[in-house]
Protein chains: 2
Amino acid sequence: MATLDLSQRARNSALIWIKTPERTAMTTSATLAPVLDRIDADLPTAIDRLLDLLRIPSISTDPAYKGDCDKAADWLVADLVALGFDASKRPTPGHPMVVAHHDGPGPHLLFYGHYDVQPVDPLNLWHRDPFDPEIQDTAKGQVIRGRGSSDDKGQLMTFVEACRAWKAIHGTLPCKLTLFFEGEEESGSPSLIPFMKDNAAELTADIALICDTGLFDAETPAITTMLRGLLGEEITITGPDKDLHSGMYGGAAINPIRVLSRIIASLHDDAGRITVPGFYDGVPELSNQLRAQWEDLGFDAKGFLGDVGLSVPAGEAGRSVLEMIWSRPTCEVNGITGGYTGDGFKTVLPSKARAKISFRLVGTQDPDKIRESFRKMVRDQLPADCTVDFHGHGNGPASVMATTNPMFDKARVALSDEWPKPAAFVGSGGSIPIAGYFKNILDMDAMLIGFAKDDDLIHSPNEKYDVSSFHHGIRSWARILAALS
Amino acid sequence: MATLDLSQRARNSALIWIKTPERTAMTTSATLAPVLDRIDADLPTAIDRLLDLLRIPSISTDPAYKGDCDKAADWLVADLVALGFDASKRPTPGHPMVVAHHDGPGPHLLFYGHYDVQPVDPLNLWHRDPFDPEIQDTAKGQVIRGRGSSDDKGQLMTFVEACRAWKAIHGTLPCKLTLFFEGEEESGSPSLIPFMKDNAAELTADIALICDTGLFDAETPAITTMLRGLLGEEITITGPDKDLHSGMYGGAAINPIRVLSRIIASLHDDAGRITVPGFYDGVPELSNQLRAQWEDLGFDAKGFLGDVGLSVPAGEAGRSVLEMIWSRPTCEVNGITGGYTGDGFKTVLPSKARAKISFRLVGTQDPDKIRESFRKMVRDQLPADCTVDFHGHGNGPASVMATTNPMFDKARVALSDEWPKPAAFVGSGGSIPIAGYFKNILDMDAMLIGFAKDDDLIHSPNEKYDVSSFHHGIRSWARILAALS
C-alpha cells in the first residue's frame with residue numbers, strides 16, 4: 001500500500017548500477033551466486049509473468065470486479081503449484097486468500113503480499129488502458145506501466161520469482177516458507193482478522209516478511225520500522241428530504257453542502273493541528289536518537305514537495321516534513337460529493353452531501369476512541385433539521401517494529417550487499433495494519449521490505465514499477481533468503 | 001424555471017372546482033365562452049400533444065442532447081405552422097430559438113417560454129423513465145409525470161393550446177402575437193441577449209407574457225412582480241499537480257478539499273448573512289405596504305418547510321421565510337466534488353476540488369461587482385501552492401415589474417375569473433432574467449403568469465404538472481387574450 005521512496009531518488013542518480021565484481025565476490029556465497037545469475041537470465045520471462053497477472057483487473061473495492069479478484073487468486077495458486085508449493089485458494093466472506101506452503105530447513109518465514117489493486121478513476125487521466133500493461137522506456141529507465149504494477153502485484157512477484165530461481169538451481173528452497181496473499185488490502189481487509197484467527201496455527205512462522213513498502217531512494221533500500229495507523233470514516237449529511245430548487249427554497253432551507261463544509265473546515269485549526277477532542281492522546285514526541293538518525297538520511301523536503309507541484313509544507317506548524325509524513329497523525333478528506341457535479345450548472349439545493357475522511361495514526365492513538373470522538377464532534381455541529389449517517393471503513397493502530405530481533409540486521413546486511421548504499425531503518429506515512437495483526441494475533445515480528453519508488457503513482461493514474469525495482473527486488477529476496485537460512 | 005406556488009396549496013384544497021354557472025355567465029363574453037368550451041372538449045388531445053413534446057429529451061446543459069434540443073425546436077415549429085403561424089427555427093451558436101408570428105388586432109403580445117429541460121440525475125430516484133411521460137392518478141388529482149412537464153414544456157403549451165382553441169372557433173386570433181421559445185434557459189441562456197439584440201425590431205411588442213412561474217396556491221393564481229437575479233460561479237481549487245497517496249503525502253501536502261471547504265464555510269457568518277464584501281449593496285428593505293400585502297397572503301411557512309422535511313428557517317436571523325425566498329439574496333452551493341466519490345474507500349489526496357456556487361440577487365445588487373468581489377475573496381483565502389480557476393455561469397440582476405401598466409390589472413381580473421380566489425401580485429425566489437432583458441433591451445414590460453405548483457418537483461426527480469394546472473392554464477390564457485384584446 002504505502003511507498004516511502006522519499007526524496008533524492010532518481011532525480012540525481014542513475015537507476016541502473018554495476019556492482020564491482022570484487023564486492024559481489026566478497027558477499028555472495030557459492031550457493032547464492034548461481035541463483036542471482038539465474039534471476040538475471042530469467043528477467044524477461046519474469047516480466048512476462050507479471051504482465052499476465054497485471055491484465056486481471058482485481059479491484060477489490062468495487063463489487064463489479066469480484067470475478068476478477070477470484071481470477072487473480074486462481075492465477076497465483078496455479079503459478080505456486082507449478083513451483084512445487086502446496087497452494088490453495090481459501091474462501092472468505094469477501095475475496096479469497098491464497099495460502100501456499102513449501103518445506104525447507106529453518107527458519108520458517110511467512111511472506112505476505114496482496115493481489116488486489118486500487119480503482120482506476122479518473123480513467124481519462126491514464127495514457128493507456130490500466131489493465132493493458134506494457135514495458136515503457138522513460139528518461140529514468142525502463143518501467144512496467146499498469147494498475148498494480150507496483151502496488152502490490154509487482155512487489156509480491158519479486159518474492160515468487162526469487163523462489164522460482166532458487167528452485168531452478170537447487171531443486172529446493174533454503175527456508176521453510178508460507179506465502180499468504182490477500183485480496184482485500186485496498187478495501188479495508190474486512191476478512192483478514194477473522195481468517196488469521198481461524199488459521200492461526202497454519203499462518204504462524206518465525207517471522208513475517210511484508211513486501212508492500214518502498215526504497216528510501218533509488219540507491220538506498222529500506223526496512224520500514226514505523227507505520228502509521230489508519231481510520232476511515234464516511235459521513236453523509238442530510239438536510240431537506242429531497243433535492244430542491246435553489247430559487248424556490250434557497251435562503252430558507254438548510255444546504256447540507258454548507259453544513260458539511262463547515263464541519264470539514266473545523267477539523268484543523270489555523271496552526272494545522274487536528275481539533276477532534278482527545279486526538280493527540282498517545283502521540284509521542286520523536287526520541288532524540290531517532291530524530292538524529294532521520295536527519296542523517298538527508299531527506300530532500302523541497303524536492304519531495306516540488307515533485308508534486310508544491311513548495312510549502314501543509315502540516316502542523318513547527319514540524320519537519322519528515323515528521324509530518326512519518327511520525328505525526330493526520331486528517332485528510334479523501335473524497336467529497338453533493339448536488340450537481342456534471343457539466344454545466346444546475347440550481348439544485350441538494351438533500352445530501354457526503355465525505356470520506358481518513359485519519360493516519362501514530363504511537364498509541366486509539367482508533368476506536370478517535371472514531372467516537374470524531375462522530376460526537378460532527379453530531380455536536382449539526383444544525384437543526386440535519387441528520388448524519390456514519391459508515392466506518394476499518395481501522396488499525398500504528399505499528400512500531402521490534403528491530404532487536406537479529407533477523408533485522410541479517411536482512412539489512414543482505415539488502416546492503418545488493419544496492420549501492422546501505423539499507424536504512426525508516427518510518428512510513430502509509431498504513432499497513434497487517435504488521436500489527438501479525439504481532440497481536442500471531443505473536444510474530446514482521447519485516448517490511450519493498451522496492452517501490454515515490455514516483456510509482458500508486459493509487460493514481462499511470463501507476464508504474466521500475467524494471468530496476470523488479471529486478472533488484474528479486475535479487476534482494478534471494479540474498480535475504482540466503483542470509484536468514 | 002422558478003415556481004412559486006407556496007404553502008397552503010393542495011394540502012387543504014381540492015384541485016378541481018366547479019364555477020357556478022352564474023359567475024361564468026357574468027364574466028364571460030359571447031366571444032370567449034365557445035373558446036372555453038372548446039378547450040374543455042379538446043383537453044385529451046392537448047395532453048397527447050404535450051406528451052409527444054415531453055418524449056424529446058431536450059436537456060440543454062449536456063452536449064450529448066444537442067440533437068434532441070434541435071428536435072424539440074422542430075416539433076414546435078411544425079405545430080405552430082399547422083396553427084397558421086409564420087414560424088421558424090432560428091440558429092444560434094448554441095441551441096436554436098423558435099420565433100412565430102400571427103397577425104391580429106392590437107395589442108401586440110409577445111409570449112415567451114423555453115423548450116429545454118433540466119438534467120435528470122439522480123436517475124435512480126425516478127420511478128419511471130423521465131422521458132416516457134404518462135398521466136397518473138394521485139391522491140391530489142391527475143398529474144402529467146415526466147421531465148419538463150411543468151418546467152417549461154407544459155407551461156408553454158398552455159398558451160399554444162389557448163391559441164389553437166381560439167383559432168378553431170373564430171378562425172383568427174384576438175391579438176397580434178409573437179411567440180418566442182428558447183432552448184437554453186436551463187443552461188444560462190448564453191445566446192439570448194445577442195439574439196434579442198440582433199432581432200430587436202422583430203421581437204418588440206406592446207408587452208411580454210412569460211409563462212415560467214407558478215400559482216400562489218392551488219386556488220390562487222399569481223402575477224409575479226419581483227424576481228431574484230442569479231449569478232453562477234464554478235470554482236476549481238488545485239493543490240498538488242496530481243492525485244497523491246494520503247499515507248505518503250498526507251500531512252505535508254495541501255488538500256484542496258480542505259481549502260475549498262474552508263472557503264465555503266466562510267461564505268456565511270453565524271447569523272446566516274453572506275460575507276462577500278459589498279454583497280448587500282443595493283439590497284432594499286421591504287416597503288411597509290408590500291410587507292403588509294405579503295402578510296395578508298397567509299403564507300404557511302411551517303407547511304412550506306415541513307413539506308421538504310425541515311422545520312427551522314436556515315436564512316438570515318430575524319427574517320421571515322417569505323422574505324428569505326422572495327426579497328433576500330442568497331448564496332448556495334449547488335454542487336461539490338473532489339477525490340474519490342465511488343463505493344468503498346480510497347486513500348487519495350486529490351489534486352483538485354470543485355464547487356458550483358450560485359447567488360440569488362435582489363433589488364439593485366450588481367452581479368458583475370459581486371462576481372469580482374467573490375473571486376477576490378476566494379483568492380485572498382488561497383493558501384500557498386493552491387491555485388483557483390473560475391468559470392462563470394451567466395448572471396442576471398433582479399427584476400421588479402412595472403405594475404402600473406394597465407394590462408396588469410386586466411390580466412389580474414381575467415385570472416380571477418378563472419380561479420376560485422382572486423389573483424395576487426407576488427414575489428419569486430427564482431430567477432428569470434429574461435424579464436429584465438425584455439425591459440432593458442426591448443424596453444418592454446413583462447407579465448409573469450404561470451400555473452406550476454411548488455410540489456411539481458421541477459429540477460428534481462419525478463417532475464409533474466397537474467392536469468388541473470394545464471387545463472385551467474389554457475383557459476386562463478384564453479381569458480387573458482380576451483381581456484387584453
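Within region A:178-207, restricting attention to residues that are touching a Ser or Thr at 6+ places or on another chain (Cβ under 7 Å) and more than 13 Å from residue A:108 (Cα to Cα), the residue that is nearest to the other protein chains (Cβ to nearest Cβ) is A:187.
Filtering region A:402-414 for residues that are in contact (Cβ under 8 Å) with a residue 40 or more places away in the chain, more than 28 Å from residue A:366 (Cα to Cα) and buried (at least 23 other Cβ atoms within 10 Å of the Cβ) leaves a non-empty set.
Conditions tested, residue by residue: (1) modelled with pLDDT of 95 or more; (2) of a type in the set (Ser, Thr, Tyr); (3) crowded, with 17+ Cβ neighbours inside 10 Å; (4) in the same structural domain as residue B:473 (by TED's automatic domain parsing).
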site	(1), (2), (3), (4)
B:96	yes, no, yes, yes
B:111	yes, no, yes, yes
B:124	no, no, no, yes
B:151	yes, no, yes, yes
B:160	yes, no, yes, yes
B:171	yes, no, no, yes
B:178	yes, yes, yes, yes
B:183	yes, no, yes, yes
B:187	no, yes, yes, yes
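Taking region B:115-146 as the range and being over 12 Å from residue B:51 (Cβ atoms) and in contact with a Leu (Cβ under 7 Å, 6 or more places away or on another chain) as the test, the residues that pass are B:115, B:140, B:141. Number of residues in region B:270-304 that are surrounded by 11 or more Cβ atoms within 10 Å (Cβ to Cβ), acidic (Asp, Glu) and modelled with pLDDT under 95: the value is 2.
Note on region B:178-202: among residues that are aliphatic (A, V, I, L, M) and under 17 Å from residue B:91 (Cβ atoms), the one that is farthest from the chain's Cα centre (by Cα) is B:196. Within this structure, residue B:420 passes the test of being over 19 Å from the mean Cα position of the chain (by Cα) and part of a loop (DSSP other than H, G, I, E, B). Being of a type in the set (A, V, I, L, M, F, W, C) and surrounded by fewer than 24 Cβ atoms within 10 Å (Cβ to Cβ) is a property that residue A:470 lacks. Pairing residues of region B:100-116 that are small (Gly, Ala, Ser) with residues that are assigned to a strand (DSSP E or B), at Cβ distances under 6 Å and at least 6 apart in sequence or on separate chains, gives B:100/B:87; B:100/B:179; B:104/B:176; B:113/B:181. Checking each residue in region A:428-479 for being out of contact with any Lys or Arg (no Cβ under 8 Å at 6 or more places or on another chain), among the β-branched types (Val, Ile, Thr), within 30 Å of residue A:199 (Cα to Cα) and assigned to a helix (DSSP H, G or I) picks out A:434, A:474. Mind listing just one residue for me: the one in region B:59-80 that is within 14 Å of chain A (Cβ to nearest Cβ) and under 22 Å from the mean Cα position of the chain (by Cα) and, of those, surrounded by the fewest Cβ atoms within 10 Å (Cβ to Cβ)? Once the filter is applied, the top-ranked residue is B:63. The single condition from (1) farther than 30 Å from residue A:236 by Cβ; (2) away from every other protein chain (no Cβ under 14 Å); (3) touching a residue at least 60 places away in the same chain (Cβ under 8 Å) that residue A:439 fails is (3).
Within region B:208-227, none of the residues are more than 30 Å from residue B:325 (Cβ to Cβ), within 14 Å of chain A (Cβ to nearest Cβ) and in contact with a Ser or Thr (Cβ under 6 Å, 6 or more places away or on another chain).
State yes or no: is residue A:281 more than 7 Å from every other protein chain (Cβ to nearest Cβ), touching a residue at least 12 places away in the same chain (Cβ under 8 Å), closer than 29 Å to residue A:114 by Cβ and of a type in the set (D, E, K, R)? So residue A:281 fails the test. Test residue B:86 against the stated conditions and say whether it is acidic (Asp, Glu) and more than 14 Å from every other protein chain (Cβ to nearest Cβ). Here the answer is yes, as residue B:86 does meet what is asked. Among the residues of region B:1-57, the one identified as at pLDDT below 50, among the aliphatic types (A, V, I, L, M), assigned to a helix (DSSP H, G or I) and surrounded by 12 or more Cβ atoms within 10 Å (Cβ to Cβ) is B:10.
Among the residues of region A:149-162, is any out of contact with any Asp or Glu (no Cβ under 9 Å at 6 or more places or on another chain), more than 29 Å from residue A:93 (Cβ to Cβ), of a type outside the set (Asp, Glu) and assigned to a helix (DSSP H, G or I)? Taking every residue of region A:149-162 in turn, at least one turns out to be out of contact with any Asp or Glu (no Cβ under 9 Å at 6 or more places or on another chain), more than 29 Å from residue A:93 (Cβ to Cβ), of a type outside the set (Asp, Glu) and assigned to a helix (DSSP H, G or I). Among what's in region A:98-148 and is among the aliphatic types (A, V, I, L, M) and in a loop (DSSP other than H, G, I, E, B), pick the residue that is farthest from residue A:206 (Cα to Cα). Among those residues, the one meeting the criterion is A:139. All of A:286, A:305 fail the test of being farther than 30 Å from residue B:64 by Cα, in contact (Cβ under 8 Å) with a residue 40 or more places away in the chain and not basic (Lys, Arg), apart from A:286. Summed over region B:241-251, residues that are at pLDDT 95 or above and either surrounded by 24 or more Cβ atoms within 10 Å (Cβ to Cβ) or more than 7 Å from every other protein chain (Cβ to nearest Cβ) (or both) total 0.
A quick yes/no check of all residues on (1) in contact with a Cys (Cβ under 8 Å, 6 or more places away or on another chain); (2) crowded, with 24+ Cβ neighbours inside 10 Å; (3) among the hydroxyl-bearing types (Ser, Thr, Tyr):
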{"residue": "B:424", "(1), (2), (3)": "no, no, no"}
{"residue": "B:430", "(1), (2), (3)": "no, yes, no"}
{"residue": "B:444", "(1), (2), (3)": "no, no, no"}
{"residue": "B:447", "(1), (2), (3)": "no, yes, no"}
{"residue": "B:453", "(1), (2), (3)": "no, yes, no"}
{"residue": "B:474", "(1), (2), (3)": "no, yes, no"}
{"residue": "B:480", "(1), (2), (3)": "no, yes, no"}
{"residue": "B:485", "(1), (2), (3)": "yes, no, yes"}
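Based on this model, can you work out whether residue B:240 counts as outside any helix (DSSP H, G or I), more than 30 Å from residue B:66 (Cα to Cα), more than 21 Å from the chain's Cα centre (by Cα) and not assigned by TED's automatic domain parsing to the domain that holds residue B:357? Criteria not met by residue B:240.
The values are calculated or read from the model by the stated rules, or taken from the named source; none is laboratory data. Not measured: the values here are computed from a predicted model. Backbone-built Cβ (ideal geometry, glycine too); neighbour counts: all protein chains shown.
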